[in-house]
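As structure tokens, the structure follows; a few thoughts come after it.
The values are calculated or read from the model by the stated rules, or taken from the named source; none is laboratory data. Because the structure is a prediction, the values reported are computed rather than measured. When we count neighbours, we look across all protein chains shown, and the Cβ atoms used for this are built from the backbone with ideal geometry, even at glycine. In case anyone asks, the SASA skips ligands and DNA or RNA and just uses the protein heavy atoms, side chains included. Shrake-Rupley method; radii C 1.70, N 1.55, O 1.52, S 1.80 Å.
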Amino acid sequence: LPAGDARAEVARARHLSEDAVVLYQAACVFALTGDRGDALDVLRKALRAGYTDLEGMDADADLNALWELKEYKEIRASAATLL
């Protein structure tokens with residue numbers, strides 16, 4: 001999907017649910033479309049909503065654009081201390 005279409009799909013999904021998995025998948029879409037700021041923001045929301053698969057996050061190629069970012073590392077470290 002083009003980035004604009006992907007963002008529209010994310011908006012529709014989030015309108016239906018703010019479940020942790022939906023938020024996580026939205027973060028993946030944002031990371032894939034180059035919207036790193038939005039990806040990090042929604043990833044934080046996913047973790048606050050109860051997303052717990054931290055090892056999966058570290059292996060999910062959809063998020064590889066974020067892995068080296070200081071903000072991602074901080075989010076990941078914070079989440080690890082809560083689990």
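Going through Leu47, Leu40, Leu66 one at a time, which residue ends up being part of a loop (DSSP other than H, G, I, E, B), modelled with pLDDT of 95 or more and buried (at least 16 other Cβ atoms within 10 Å of the Cβ)?
One residue alone meets the criteria, Leu66.
Which pairs do you get when a residue that is closer than 14 Å to Asp38 by Cβ, found in the range 10-27, comes within reach of a residue that is aliphatic (A, V, I, L, M) and open to solvent by 60 Å² or more (accessible area, probe 1.4 Å), reach meaning Cβ atoms under 6 angstrom, with the pair 6+ apart or on two chains?
Here the result reads none, with nothing in the range 10-27 linked to a residue that is aliphatic (A, V, I, L, M) and open to solvent by 60 Å² or more (accessible area, probe 1.4 Å).
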